[in-house]
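Notes to accompany the following structure.
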2 protein chains.
Amino acid sequence: MPSGSFPNLDVRMRGFSERSLVADALQYVDDHTCPLSPEVIPIDQAHGRVLADNALAPIDVPSFRRSAMDGYALKGAETAGAGAYHPLTFAIVGESLPGRAFEGALDAGQAVRIMTGAPVPDGADAVVPAEYATESEGQVEITTSVAPQKHVAPVGEDVTAGSTVALAGRRLRPQDIGLLASVGCETLPVVRQPQVKVIATGNEIVSPGSPRGAHQIYDANTTMLKALVERDGGITSDCQTIVDDRQQIRDALRVPGGDLIIMTGGSSVGAEDHAPTVLAELGTLAIHGIAMRPSSPTGLGRIDSRPVFLLPGNPVSCLCAYDFFAGRTIRRLGGRGVDWPYATLAATVGRKIVSAVGRVDYVRVRLVDESVEPLAVSGASILSSTTRADGFVIVPAACEGFAPGSEVTVYRYEPVA
Amino acid sequence: MPSGSFPNLDVRMRGFSERSLVADALQYVDDHTCPLSPEVIPIDQAHGRVLADNALAPIDVPSFRRSAMDGYALKGAETAGAGAYHPLTFAIVGESLPGRAFEGALDAGQAVRIMTGAPVPDGADAVVPAEYATESEGQVEITTSVAPQKHVAPVGEDVTAGSTVALAGRRLRPQDIGLLASVGCETLPVVRQPQVKVIATGNEIVSPGSPRGAHQIYDANTTMLKALVERDGGITSDCQTIVDDRQQIRDALRVPGGDLIIMTGGSSVGAEDHAPTVLAELGTLAIHGIAMRPSSPTGLGRIDSRPVFLLPGNPVSCLCAYDFFAGRTIRRLGGRGVDWPYATLAATVGRKIVSAVGRVDYVRVRLVDESVEPLAVSGASILSSTTRADGFVIVPAACEGFAPGSEVTVYRYEPVA
């Protein structure tokens, strides 16, 4: 019987006598995570990043009265009564182009040829669209009336100087970036992206492309985790593959750097599962063993201020535990919300989903027409179950499953954008 | 009255006499787009990319009989009758660890200590979990019975050699990447990312951070378009800002390279709107003027094999026309589907949405409780309408709007992941 330095924590070859509740594990990770400090980056790299401070507009947009149409700027009141059978004539005294204003002011009976986006000259207060105008020999015939202000965008119509263009915490979308550019932002303060260290442990794993022994397997978790970290806005700063050796695990966990550490494999109760006791030695093993399926042999803790996630080596468990705990933490560190990063769908259970009270289940499902069916083959080692499935359903701890006809929320694996 | 080289196409200062239908414009872009050629990339860069060929598994996963538990491998039939009050004893003849198999074969009454993921030795056909076993002095007492095959994953349980792991056209998710890694893929053939040239035209525009004249505006479209292109899986290979000058526009459009060109500004019927006629000279201006609001002054065509999009300079029109036509083309070139890259929500109209028969409307809306309201201020130049809105509703050409109580699909601006 192997023994560890912390016999009260050492569950190796004895099994978990007690498992933490998922809710308590989530509380633990949330209690120890807050958004990282801001960094300032060029605006054209800010798509998808989270704004760290409220962004105020230093200028009005537009900062001048702007034509909303191609046509003729004039005094709206002077167009009263104009129509197809009653054209009115104005003298063209100049032209206002975008970026090249007409510098004078209009008198009665005058018009200025104007393009969309060009400044409306002093003395004009409306624009007649080109469709209702015929120009010849320095004059223009107008066949419609326009009220004052018509087709003239006032100063600050889009954004007023001093107003808040985007709130801190906003995950920047293309149009947010556009609006921030329109008020002149060249750089933006955004929440720093979490740097994640990924350590895969196991004598049996080899990297894809490397020679593989008869009893070895290719490491699925490292590349999957890198993709998950990327999806959640983190950066995998470092990847390492090590064998099931207490000293190697200790050495890997002791390397400083990174905002968060994910270790896969060796997190359970086997003789070679050193990670939990090593973490307890080097820092804090706050939670080990969680009442959920899959992913029960998950450990959560910290080294210094860095959250550490000990995820099971079985790839489905790894994915599930990542999504429940590590992904949530990465999203929170990066300033994103705690919502699952999957589109949801309300659907009706077609074939019953079985769980047990006291345990949270992550059930891979298929959508058959509008109804939900659990996959028949879905062990924690069957990663193909997550590629065949359309998504998953979470069965809460208080619930022993869902009968046919129940309404459930399906988290869809298919990405939206 | 300005004149162009193609008087029959030149709508400058006359307005569009006829607009193309959105459906026809979509048909045109779809007819001239197919996925780009494949390229081979490292698997750890493949997240979110589109698989170009079916991926077949060269190996079984697992490729050996694998224990699904930490415990003891033995012959299941020999555990019959074991229980807490009736433990059965087996002689431990060795250990099987992940990557370090027990090389012998089991005889009757023997067991091998085994860890999750380790090869099940010859002669064993089941695993008793550690929780039901007590080991001492070379023996183990078993307090549960296990049927043959229990906790033993057969060869190929996850993936069988020769089977298709992922189909061509799959947008690769983290678990797809993991599964492909598990069969040993080091690289993957994926559809090449479209290279997009973005050209912003206008005397009035200056880049954020540059000195701005009183009648100039900061260019919102270039940074917004770069973000949109990124969202849709393209790469902005080149950005250029030029003035409203026929020769400069011609020079910019004539530069070879890129898979697709987006030009903003100068696409309408103003005297300075050179882009459509220049495109007609250099290639094909297939569509100019589309029956939609906003974005009516949109032009679509080609130079050589490259699709060219002339998008309006008004930022909301630019966003909308991008999403309808350019984004769709970028997604198709990159092997993605034509679906809008927004999560959708079915909702009920709270305040009526007004459109006109024959025209497609892109209406920015807010979600108030579960009901949808159009934004009151929503001109094509008011980019802040797209940052205040929760999303948009499309009013089809056949429809003059939606009355309160109608069920509509809301495309949500909020990104999912």
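The values are calculated or read from the model by the stated rules, or taken from the named source; none is laboratory data. All values derive from a computational prediction rather than experimental measurement. Here the Cβ positions follow ideal geometry from the backbone for every residue, glycine too, while neighbour counts run over all protein chains shown. Remember, those area values only see protein heavy atoms, side chains included, never the ligands or the DNA or RNA. Shrake-Rupley method; radii C 1.70, N 1.55, O 1.52, S 1.80 Å.
Things worth noting here:
- Looking across region A:313-327, the residues that are open to solvent by 10 Å² or more (accessible area, probe 1.4 Å) and within 13 Å of chain B (Cβ to nearest Cβ) come down to A:G313, A:N314, A:P315.
- At least 1 residues being farther than 19 Å from B:V29 by Cα is the threshold, and among the helices (runs of 4 or more DSSP H) wholly inside region B:308-417 those reaching it are B:315-321, B:384-388.
Every residue, every condition in (1) at the interface with another protein chain (Cβ under 8 Å from one of its Cβ atoms); (2) over 30 Å from B:T33 (Cα atoms), yes or no:
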site	(1), (2)
B:Y132	no, yes
B:S136	yes, yes
B:Q139	no, yes
B:V152	no, yes
B:R173	yes, no
B:D176	yes, no
B:V191	no, no
B:P194	no, no
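- Extreme residue, nearest to B:G335 (Cα to Cα), among residues of region B:194-217 that are among the small types (G, A, S) and buried (at least 24 other Cβ atoms within 10 Å of the Cβ): B:A200
- Output for region A:260-275, where each listed residue is hydroxyl-bearing (S, T, Y) and either in contact with a Gly (Cβ under 7 Å, 6 or more places away or on another chain) or not assigned by TED's automatic domain parsing to the domain that holds A:D30 (or both): A:T264, A:S267
- Residue list for region A:362-393, restricted to those being of a type in the set (K, R) and farther than 15 Å from A:T348 by Cα: A:R388
- Against the criterion of being touching a helix residue (DSSP H, G or I) at 6+ places or on another chain (Cβ under 6 Å) and surrounded by fewer than 21 Cβ atoms within 10 Å (Cβ to Cβ), A:L56 does not qualify.
- Single residue of region A:218-242 satisfying the filter (within 11 Å of chain B (Cβ to nearest Cβ) and in contact with a Lys or Arg (Cβ under 8 Å, 6 or more places away or on another chain)) that is most open to solvent (accessible area, probe 1.4 Å): A:C239
- Considering region B:287-308, the residues that are surrounded by 24 or more Cβ atoms within 10 Å (Cβ to Cβ) and hydrophobic (A, V, I, L, M, F, W, C) include one that is nearest to B:A252 (Cα to Cα), namely B:V308.
- Residue check, A:V269 hydrophobic (A, V, I, L, M, F, W, C), farther than 20 Å from B:P174 by Cβ, surrounded by 20 or more Cβ atoms within 10 Å (Cβ to Cβ) and touching a helix residue (DSSP H, G or I) at 6+ places or on another chain (Cβ under 9 Å): yes
- Of residues in region B:12-71 being of a type in the set (A, V, I, L, M, F, W, C) and within 13 Å of B:V191 (Cα to Cα), the one nearest to the other protein chains (Cβ to nearest Cβ): B:A46
- Check on A:D245, surrounded by fewer than 19 Cβ atoms within 10 Å (Cβ to Cβ) and either out of contact with any Cys (no Cβ under 8 Å at 6 or more places or on another chain) or farther than 30 Å from B:L179 by Cβ (or both): yes
- Restricting the first member to region A:19-42 and to residues that are touching a residue at least 12 places away in the same chain (Cβ under 8 Å), and the second to residues that are open to solvent by 30 Å² or more (accessible area, probe 1.4 Å) and part of a strand (DSSP E or B), the beta-carbon pairs closer than 7 Å and six or more apart or on different chains are A:Y28/A:A286; A:H32/A:R302; A:P38/A:P189; A:V40/A:T187; A:V40/A:P189; A:I41/A:T187; A:P42/A:T187.
- Checking A:T79, A:T164, A:T143, A:T116 one by one, the residue that is polar (S, T, N, Q), surrounded by 23 or more Cβ atoms within 10 Å (Cβ to Cβ) and more than 10 Å from chain B (Cβ to nearest Cβ) is A:T79 and no other.
- With respect to the conditions (1) at negative phi; (2) more than 14 Å from every other protein chain (Cβ to nearest Cβ), B:G358 lacks only one, and its number is (1).
- The listed residue being in contact (Cβ under 8 Å) with a residue 40 or more places away in the chain and more than 14 Å from chain B (Cβ to nearest Cβ), out of A:G379, A:G405: A:G405
- Of residues in region B:82-113 being among the hydroxyl-bearing types (S, T, Y) and more than 10 Å from chain A (Cβ to nearest Cβ), the one least open to solvent (accessible area, probe 1.4 Å): B:T89
- Considering the conditions (1) within 13 Å of chain B (Cβ to nearest Cβ); (2) among the acidic types (D, E); (3) more than 25 Å from the chain's Cα centre (by Cα); (4) within 26 Å of B:A68 (Cβ to Cβ), A:E400 is excluded by exactly one of them, (1).
- Considered as a group, the residues in region B:146-161 that are among the aliphatic types (A, V, I, L, M) and open to solvent by less than 40 Å² (accessible area, probe 1.4 Å) include one that is farthest from the chain's Cα centre (by Cα), and that residue is B:V146.
- All conditions but one from (1) outside any strand (DSSP E or B); (2) free of Cβ contacts under 8 Å to residues at least 60 places away in the same chain; (3) among the polar types (S, T, N, Q) apply to B:S145; the one that does not is (2).
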